Every structure is written in structure tokens, then in C-alpha cells.
Amino acid sequence: MSRGILSPADWRRRRVRWATFGLHGVLLALLFVVGLGPMLWLAKAAITPTQDTLRSPLAMWPHGMDWANLMTAWTRVEVDKYFLNTVVLAAGAWFVQLLVATTAGYALSVLRPRYGKAITAVVLATLFVPSVVLLVPLYLTIVDPPLLKVSLINSFWAVWLPAGANAFNILLVQRFFDNLPREIFEAARVDGAGPFRLFWSVVLPMSAPILGVVSVFAVIGAWKDFLWPMLVLPDPQLQPLSVRLPALQKFVELDVFLAALAISTVIPVVLFGVFQRFFLRTGALTGAVKG
């Protein structure tokens, strides 16, 4: 039996039980307001006229809804174009981060090279380097890549390639691979599976939870990134929503701008809703161990 602050005898007392339920309800309501309140207000303001938002920010549409804000933001503000740029940037950053994190984590955890611990220590050490310190050398590398000799400025590759150098994701995947059952790896090797077959057919199918977590981190991180895309994508036609919306704020009405902000939050919210179960999933390896 699990233990808690209240004993089973306390739970049988009606007054204690109802007081506990009431406290849980209050805490849940506070968490709801703090966590979802700003997003719900933004969704409301996106279809509210500017004057109503300024006069009564918390009122529920005193003069009706204005659904035209969304269409105006999508067409006149060209949110559709910047939205597509953001999707392309986020998709490329997601693929590069997932590729680097899974292959590096596989090499360090499953293949275990001779100097694997030293490499892991170096990767861990990079987490203690402030990102602002790396900004100038990284920018100079993008301007003049050592091997390509062609500037990557105003190219999506300038965002995709640096995104792969994410030490946190590598260590996260490596730690997950460390907890996978080694018996399955040995059985696959006995059956003749090489390193690539072991990675593709055994490790990746067992790694759905960590792949979902890394995917959420990668897409949301790329979606909200502002400074780096602004530096390497000076062409407004290539910039994502995170860069263009602040620049357009002074040229559009408040209600249209809030509608554009609401549109820009759709993908991260949907993505987290789809993959949030991976954050809580704990029995992913049960079938693999039994099989």
C-alpha cells in the first residue's frame, strides 16, 4: 500500500476527505489559470476587436467576435509565408537534431568506443559554456565554412546545421540507451545483426519515448528561436514568424497582430499535445524485455 500524508483512517473521515478534495480542486484551478490562462486569453484576443481588448481585456467579446482578424493576419500580414518558413526551419532542425542525437547516443552507449567516456565528458562540458560566448565564432563559421568555402548566410542550412550540435539531446538519448536491456543487443549480434542493422531494427523501435521527447524539444526550440535566425537570415523573405512578427508589430493593428501571434502558437501546442504522452510513458520496454 502506498503511503502518504494522510493515513487510511484519515481518508475514512468525511471532513478530511472533502477538505482534501477541495484543496486539490483549488490547486488544479490555480495551475490551470497560470498554465493555460495566457494562451486562452491570446486565443480570445485574436478574435476580439482592438477597442474591446484595450477597454476590457478580460471581458468575453462585449461587442461580438471578429473572425476577420485571422484572415487578415494570414493574408495581409503574410503570416502564411512566414508560417511556411518556420515549418521548414523547424522540420530541418528536428531532423538534424534527431539524426545527431540518436547516432551519437548509439555510438557512445551501445557501441562503446575505447574513448567513449572522454567523449561523453567533453560533450557534457559544452553544456557549461554560455551560448552567447559561441555566437561570434559560430557566426564566422557560417559566413565562411572551412570546407564548403561558400557562405551559408540567407540559407536554411545556417539554422539546420548548428541545431545538430545539441549536447543536451545527445546526453539525453545516451542515458536512455544505457537503460535498454543488453540481452536484446547480444541476441541481435548472435543472429548476425551488424551495427547499422542493430541501430535501425532494434534500438530505434525501442526508443519511441525518447524520440518523442527529443522531437518536442527540437521543434519547439526551433519554433521560438529568435536571435540566431535573425542573424543568419537577414532576408525578410526567408525569416520565420519569431523574427518577422516583432518587426511587423508597429505596422499592423493590435487585433491583427494578436491574431498572428495566436496562429504562430498552433503548431507548438498541437505538437506538445500529441507527444506529451511520451513524457509520462514508463512501460515502453515491457514488451521488449518479455519478447
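Every listed requirement among (1) open to solvent by less than 30 Å² (accessible area, probe 1.4 Å); (2) part of a helix (DSSP H, G or I); (3) within 27 Å of V216 (Cβ to Cβ); (4) not charged (D, E, K, R) is met by L152 save one, (2). When W74, W61 are checked against the criterion of being surrounded by 12 or more Cβ atoms within 10 Å (Cβ to Cβ), touching a residue at least 12 places away in the same chain (Cβ under 8 Å) and assigned to a helix (DSSP H, G or I), W74 stands alone in meeting it.
Go through the residues of the range 205-220 one by one and say whether even a single one is without any contact (Cβ under 8 Å) to a residue 24 or more places away in the chain and in the same structural domain as L233 (by the TED database). Yes; the residues of the range 205-220 include at least one that is without any contact (Cβ under 8 Å) to a residue 24 or more places away in the chain and in the same structural domain as L233 (by the TED database). Got a sec? Which of A107, A90 is aliphatic (A, V, I, L, M) and surrounded by fewer than 19 Cβ atoms within 10 Å (Cβ to Cβ)? Being aliphatic (A, V, I, L, M) and surrounded by fewer than 19 Cβ atoms within 10 Å (Cβ to Cβ) holds for just one of A107, A90, which is A107.
Of all residue pairs spaced 6 or more apart or on separate chains, none has beta-carbon atoms under 7 Å together with a first member in the range 18-39 that is outside the structural domain of P57 (by the TED database) and a second member that is among the polar types (S, T, N, Q) and modelled with pLDDT of 85 or more. The set of residues from the range 232-277 being buried (at least 16 other Cβ atoms within 10 Å of the Cβ), more than 28 Å from T48 (Cα to Cα) and assigned by the TED database to the domain that holds V136 comprises V232, L233, L238. Of the set (1) open to solvent by 60 Å² or more (accessible area, probe 1.4 Å); (2) outside any helix (DSSP H, G or I), all apply to K117 but (2). Scanning the range 39-58 for residues that are among the polar types (S, T, N, Q) and outside any helix (DSSP H, G or I) yields T48, S56.
Would you say G25 is small (G, A, S), in contact with a Pro (Cβ under 9 Å, 6 or more places away or on another chain) and exposed (fewer than 12 other Cβ atoms within 10 Å of the Cβ)? Outline the logic, then answer.
Details: small (G, A, S): yes; in contact with a Pro (Cβ under 9 Å, 6 or more places away or on another chain): no; exposed (fewer than 12 other Cβ atoms within 10 Å of the Cβ): yes.
So G25 does not fit the description; no.
If you go through the range 197-212 and keep only what is within 19 Å of V96 (Cβ to Cβ) and open to solvent by 20 Å² or more (accessible area, probe 1.4 Å), you end up with F199, W200, L204, L211.
The values are calculated or read from the model by the stated rules, or taken from the named source; none is laboratory data. No experiment lies behind these values; they were computed from the predicted model shown. FYI the Cβ positions are ideal-geometry reconstructions off the backbone, even for glycines, and counts take in every protein chain you see. Accessible surface is based on the protein model in full, side chains and every heavy atom, while ligands, DNA and RNA are left aside. Shrake-Rupley method; radii C 1.70, N 1.55, O 1.52, S 1.80 Å.
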